[in-house]
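Q: Sending over a structure as C-alpha cells; questions will come in a sec.
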Amino acid sequence: MSADRRYVSNAELRVASDAGEMRLEGMAIRYNSLSKANVPAAGCREKISPGCFTRSLKGDDVMAFYNHDGNALLGRTSNGSLRLMDSKEGLRFSVRLNPNVSLHRDIHALVADRTLHDCSFGFVADGDDWENGTDDEGKRCQIRTVKSGKLFEISIVGSPAYPSTDATARSLAYDFARQITEREPDLREQFEKVRLF
C-alpha cells in the first residue's frame, strides 16, 4: 500500500456564511470520474468507487488542510468542524472555519474571490481492480478502480498535488507519508515501502 494524493480540478468549492458562520463547502471526490492522464502511473487513469471510504467516514478522524499542510489545519471530523457527506455522486464536505484564526479568514477570502477553487485528498488504497480501457478521448489505457481505502484528509489547494518535476513530487509524497506515520504509527511499516512519484 502507498500513500496517494489526488487533485480535483474544477471542484465544487464555495464559501457559505450562514448566521455569521464562515464555512467552505464543496465536493472533494467525484466518484467514477477518471483522473487526469498518467495517474497513478504512466499510461493509466484512475477512478474512485462510491463507498470507497465508508469505513473512514464511520470512525476515522479525517482532517481538512490547506495545501496538504498539517500545520494549516482548517477542520476535523472529531470536533465537528469538518462534516463529510457521502452520496452516489461523490464525497461532499463542509468546513466550519474559526473567525478568530487569521489563516481561516484568509482562506475564506481567497475561496470567495475564486483565487482558490481546487481540492485534493490524501488516502491509502487497500482494495483496487485494474482493467484495460479507454479514456474520454478514446485512447487506450489501464484503468485502476479504487474500491476501498483509508481517507486521511481533504485539502483546499492552489496547485496540483503532482507537480511536473520528479524531485518535487517525490518530496511531496515523502512528506505526506511521514505526516501519516506520525499520526498512525501502526502504518509505519507499510510506508517504508511507499511509492514515490
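The values are calculated or read from the model by the stated rules, or taken from the named source; none is laboratory data. For clarity, every value in this text was computed on a predicted model and none was experimentally measured. Don't worry about glycine lacking a Cβ; one is built from the backbone with ideal geometry, like all the others, and counts go over all protein chains shown.
Q: Looking at the stretch 82-97, which of its residues are touching a residue at least 40 places away in the same chain (Cβ under 8 Å) and loosely packed, with under 15 Cβ neighbours inside 10 Å?
A: If the condition is that a residue be touching a residue at least 40 places away in the same chain (Cβ under 8 Å) and loosely packed, with under 15 Cβ neighbours inside 10 Å, then Lys88, Glu89 are the ones that fit.
Q: Of Glu131, Glu153, which residue is part of a strand (DSSP E or B), among the acidic types (Asp, Glu) and crowded, with 17+ Cβ neighbours inside 10 Å?
A: Glu153
Q: Within the stretch 9-25, identify whether any single residue is among the charged types (D, E, K, R), within 13 Å of the chain's Cα centre (by Cα) and either at pLDDT 90 or above or surrounded by fewer than 19 Cβ atoms within 10 Å (Cβ to Cβ) (or both), and answer yes or no.
A: Taking every residue of the stretch 9-25 in turn, none turns out to be among the charged types (D, E, K, R), within 13 Å of the chain's Cα centre (by Cα) and either at pLDDT 90 or above or surrounded by fewer than 19 Cβ atoms within 10 Å (Cβ to Cβ) (or both).
Q: Still on this structure, please answer the following. Which is of a type outside the set (S, T, N, Q) and under 15 Å from Ile29 (Cβ atoms), of Arg105, Arg83, Arg114?
A: Details: Arg105 fails: under 15 Å from Ile29 (Cβ atoms); Arg114 fails: under 15 Å from Ile29 (Cβ atoms).
Only one candidate qualifies: Arg83.
Q: Give the residue, chosen from Arg105, Arg76, that is over 11 Å from Ile156 (Cβ atoms) and surrounded by 15 or more Cβ atoms within 10 Å (Cβ to Cβ).
A: Criteria check complete, one pass: Arg76.
Q: Also: How about the stretch 134-146: which of its residues are among the charged types (D, E, K, R), at pLDDT 90 or above and surrounded by 15 or more Cβ atoms within 10 Å (Cβ to Cβ)?
A: The one that is among the charged types (D, E, K, R), at pLDDT 90 or above and surrounded by 15 or more Cβ atoms within 10 Å (Cβ to Cβ): Arg144.
Q: Could you look through the stretch 53-81, keep only residues that are outside any strand (DSSP E or B), in contact (Cβ under 8 Å) with a residue 24 or more places away in the chain and out of contact with any Leu (no Cβ under 8 Å at 6 or more places or on another chain), and pick out the one that is nearest to Leu116 (Cα to Cα)? Reasoning before the result, please.
A: Residues of the stretch 53-81 outside any strand (DSSP E or B): 53-62, 67-68, 77-81.
This time we only want the ones that are in contact (Cβ under 8 Å) with a residue 24 or more places away in the chain, so: 53-57, 60, 62, 67-68.
Within this subset, residues satisfying the condition of being out of contact with any Leu (no Cβ under 8 Å at 6 or more places or on another chain) are 54-55, 67.
Values: Thr54: 28, Arg55: 30, Asn67: 11 Å.
Among those residues, the one meeting the criterion is Asn67.
Q: Also: Return a yes/no flag: does the stretch 100-110 have any residue that is more than 17 Å from Leu151 (Cβ to Cβ), modelled with pLDDT under 85 and part of a helix (DSSP H, G or I).
A: No, there is no match, as no residue in the stretch 100-110 is more than 17 Å from Leu151 (Cβ to Cβ), modelled with pLDDT under 85 and part of a helix (DSSP H, G or I).
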